[in-house]
Every structure is written in structure tokens, then in C-alpha cells.
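First comes the structure, then the notes that go with it.
Read-outs throughout are calculated quantities, based only on the coordinates presented, and are distinct from any laboratory measurement. From a predicted model like this one, the values you see are computed outputs, not experimental measurements.
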Amino acid sequence: MLNAKIEEKLIISRYILSKKIYGLLKESCKDNPENQEYLLSFLDIFSNHIGAGNFVIELLEAIFKNNDKITSKLNKISFHKKGELEKNESLSFLKMLYCKAKEVASNERNLIITLISQLCFNGN
């Protein structure tokens, strides 16, 4: 029982810390295209955190917000999805988001769908 309480507190502490870090990264994107571009290089890491909380999607929105230079790179960003028999399938960023949307809770799914629509609209 004691270990379960300690583990629960540890999980809560990690969640709070992650939320604060992502919030800081999000703030660093405001009116700062250089930071947006820099954070774009960590997109693979951030995408692995989708599902951990709304703050991850909010950061992704901030990275692409009002930055046509970055949005225009969407078709050049790809991710590898491991499949059966060591077969790797290359996914576009938008397709990866779509796949992640099917795996997460509905509130986060709605944020992902909104992000996809914003990226598609801005990408034209």
C-alpha cells in the first residue's frame, strides 16, 4: 500500500513537471520563429509524448502557429512506423497525427483533429 502511494505521487509529480516543461517550451514559441524552428527538430520526441496530456498538442500548435516557413515543411517531415516482420512504413506528419488520434482519449483526440485542420488550412 505504501509503495502504491509513493508510485502514485511520483506519477503525479512527473506529470506536473512535464506539463510545466511543455508550457515553458510553448511560451518560448510565442512571436519567436527561431525557437519554433529549433523545436521543430525535436518533433519526433514530442510526437512520442502525444497521449500524455493536452499540453503536448498545445506545444505542437505553438510550434506551427503563424509560421509559414515551418508549415511549408510539413510534406518533408516523415516518421517511421514499425510494422510486422521488421517492415517500416514511412508516415507523413499529418498521417502520424491521424494515427495517434485513434489511440488517445476523446478530449485529446479533438485537439489533434483541430491541429490537423489548422495545419491543412495553413499549408495551402
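A few comments on the model shown:
- Estimated 222 nm signal from helices in the chain, with DSSP H stretches of n ≥ 4 weighted -39500 (n - 2.57), rounded to 500: -21000 deg cm²/dmol
- Remark: the D31-L94 segment gains 20.3 nm on full extension, using 0.36 nm per residue and subtracting the alpha carbon distance.
- Pairs beyond 23 Å (Cα-Cα), from K20/K76; K65/K100; K19/K100; K73/K100; K19/K76: K20/K76; K19/K76
- Note on the stretch 2-123: the C-alpha convex hull projects to 8.9 nm² when averaged across all orientations.
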